[in-house]
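Only the coordinates and a few stated rules stand behind these numbers; no lab work does. In this text the structure is predicted, and so the values were computed from the model without any measurement. Methodologically, a virtual Cβ is constructed for each residue, glycine included, from the backbone with ideal geometry; neighbour enumeration extends over all protein chains shown.
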Amino acid sequence: MTSQGILNGDVRKGVIDKNIYGHFSEHLGRCIYEGMWVGEDSKIPNTKGIRNDVLEALKNLSIPVLRWPGGCFADEYHWKDGIGAPENRKTMVNTHWGGVVENNHFGTHEFMMLCDMLGCEPYINGNVGSGTVQEMAEWVEYLTFEGISPMAKLRAENGRQEPWKIKYFGVGNENWGCGGNMRPQYYADLYRRYQTYVRNYGDNKIHRIACGPNVDDYNWMEVLMREATPYMDSITLHYYTVPGPRWEEKRFATGFAEDEWFETLDKALHMDELITRHKTIMDKYDPNKRVGLIVDEWGTWYEVEPGTNPGFLYQQNSIRDALVAGATLHIFHNHNDRVRMANLAQLVNVLQAVILTEGDKMLKTPTYHVLDMFKVHQDAERLDLSLTATSTYKYGDKEIPEVSVSASINAEGTIHISLCNLNPNTASNVSLQLRGVATDNAKITGTTLTGDTMDAHNTFDQTDRVAPKAFTAFKLEAGSLSIELPAMSVTMLELKA
Ligand code: AHR
């Protein structure tokens with residue numbers, strides 16, 4: 001069956017906030033150390049300690065915002081341990097992630113430098129679980145106070161006279177779990193208290209982010225919105241796609257059969273229901289949609305690669321992950337009335353990473369290529385596009401929609417249509433009627449990403465096995481666009497009128 005739909009080129013559904021294409025980097029495994037930070041004395045070519053190969057690849061993604069330092073690590077992190085001369089910095093044990101020694105060589109100054117190099121907004125996550133109000137308040141003062149103050153003086157002593165601008169600040173992470181095992185009422189009160197001291201200095205205006213629910217904890221959302229809405233600008237949601245019957249029996253990133261392919265994509269699509277239901281609660285307390293929903297941890301979470309430290313969460317990344325990324329980003333687009341930021345977990349070498357490294361080698365994962373192809377949607381206006389009939393992908397007695405689509409128009413009037421075919425077995429035909437689009441002299445070009453097996457992935461010996469290729473299997477006739485999507489593919493079409 002052919003999936004049918006109408007693209008209404010003259011019906012705009014709000015801006016797709018570029019921050020939906022945000023990332024997350026935690027002091028976890030080899031995300032920061034080795035993955036990005038190698039230090040100035042490393043043999044790996046670097047700029048002020050950040051490895052050049054990774055930096056160049058990341059710059060190409062136009063990353064809008066980067067979250068740091070955690071994750072669970074955030075609620076154990078004491079920022080003053082990460083400033084001053086590196087050789088004098090205190091070490092700590094990273095209890096959450098492998099029990100390794102953290103030398104604190106990557107701290108506030110290094111993170112702000114990285115954001116500067118990437119041209120992205122920093123999103124700093126403060127410590128509520130084991131930190132004090134004073135500690136959080138002083139971090140904000142250290143970062144943003146201009147003038148004479150104890151923290152501004154300390155910052156200057158550490159080589160930075162000018163304050164930085166900080167927009168996004170999170171007050172705790174997963175405080176229902178690793179961030180203190182709190183109950184929602186208790187955290188709501190703590191949130192109100194801590195955020196009071198997250199001050200706006202000078203013209204720096206902070207967007208305060210409350211820790212939101214885990215997955216489908218609708219009660220957490222209800223309590224937080226009831227008790228703390230006026231004190232927050234956004235609230236978070238965490239949802240990972242974890243194939244397997246239970247947490248202790250997660251499946252692997254590669255070497256799987258079709259049952260796990262199906263299960264993974266089915267679970268990824270669950271994001272839509274979660275956002276829809278959390279939004280309903282938010283609508284009750286914030287009908288004007290002032291408060292944003294930030295999905296600041298999402299992505300696939302598999303069993304770690306055999307032989308690697310279980311606490312380092314290192315996993316391969318295949319064409320299946322590319323489809324999870326494409327379909328999830330489409331879900332975020334569709335909820336752009338509330339979802340104002342999302343942060344894929346995590347940037348390098350951890351979970352659904354866009355880059356993997358091994359010594360001085362690096363590779364771009366299939367997920368990287370999706371974010372590269374989709375970056376054209378950043379800050380573009382979403383166009384009305386819905387499928388009126390969708391073919392389904394069936395496995396056993398279950399089925400999911402075979403195709404996921406989204407479209408946007410940018411400031412120059414260029415239209416981008418992204419399409420995912422979730423079926424690993426067959427091509428999928430899509431027919432879109434282009435209404436409100438000038439098609440007479442339209443020029444369409446395409447790119448697609450697919451694999452030759454369900455777990456096709458890149459390795460350090462074969463870095464381009466899964467890479468985007470030119471796509472021409474489409475036809476525009478009498479205002480109707482027919483597309484034949486390859487099996488298990490993510491495709492981007494560009495239409496210039
Ligand atoms: O991303 C890995 C971990 O997942 C984070 O530290 C935590 O917030 C979540 O449970």
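Tabulated results
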| read-out | value |
| --- | --- |
| Neighbourhood charge, 13 Å Cβ-Cβ cut-off, centred on Ala253 and excluding it, Lys, Arg +1 and Asp, Glu -1 | -2 |
| Contour excess over end-to-end distance, with Cα ends at Ser42 and Lys167 and 0.36 nm allotted per residue | 41.8 nm |
| Exposure proxy ranking, count of Cβ atoms within 10 Å, fewest first, for Cys31, Cys178 | Cys178, Cys31 |
| Principal-axis tilt of helix 108-118 within the chain, Cα atoms, nearest 10 degrees | 30 |
| Cβ charges +1 (Lys, Arg) and -1 (Asp, Glu), total dipole of the chain, debye | 1080 |
| Cysteines, the chain, no other Cys beta-carbon under 4.7 Å | Cys31, Cys115, Cys120, Cys211, Cys420 |
| Cα extents of region 339-418 along the three principal axes, largest first (Å) | 49, 45, 21 |
| Likely footprinting exposure, Ser149, Ser391, Ser318, Ser404, fewest C-beta neighbours within 10 Å first | Ser149, Ser391, Ser404, Ser318 |
| Surface/4 estimate of mean projected area, convex hull on alpha-carbon atoms of region 214-362, nm² | 9.9 |
| With Cα atoms, 0 to 90° folded angle of helix 218-228 axis to the chain main axis | 50 |
| By average C-beta atoms within 10 angstrom, highest first, the peptides 296-306, 41-51 | 296-306, 41-51 |
| Radius of gyration, Dmax [region 1-42; alpha carbons; angstrom] | 20.9, 59 |
| Å³ per residue enclosed by the Cα convex hull of the chain | 146 |
| For region 393-469, convex hull volume per residue from C-alpha positions, Å³ | 147 |
| For the chain, calculated [θ]222 nm from helices alone, where every DSSP H run of n ≥ 4 adds -39500 (n - 2.57) | -7500 deg cm²/dmol |
| Residue order, fewest to most beta carbons within 10 Å, for Thr144, Thr448, Thr414 | Thr414, Thr448, Thr144 |
| Alpha-carbon centroids, region 350-378 and region 81-108: separation in whole Å | 26 |
| Where chymotrypsin sites (Phe, Trp or Tyr not before Pro) fall in DSSP loop in region 1-82, at most 12 other Cβ within 10 Å | none |
| Rounded to 5, percent antiparallel among DSSP beta bridges of the chain | 60 |
| Folded to 0 to 90 degrees: helix 258-285 orientation relative to the chain principal axis, Cα | 60 |
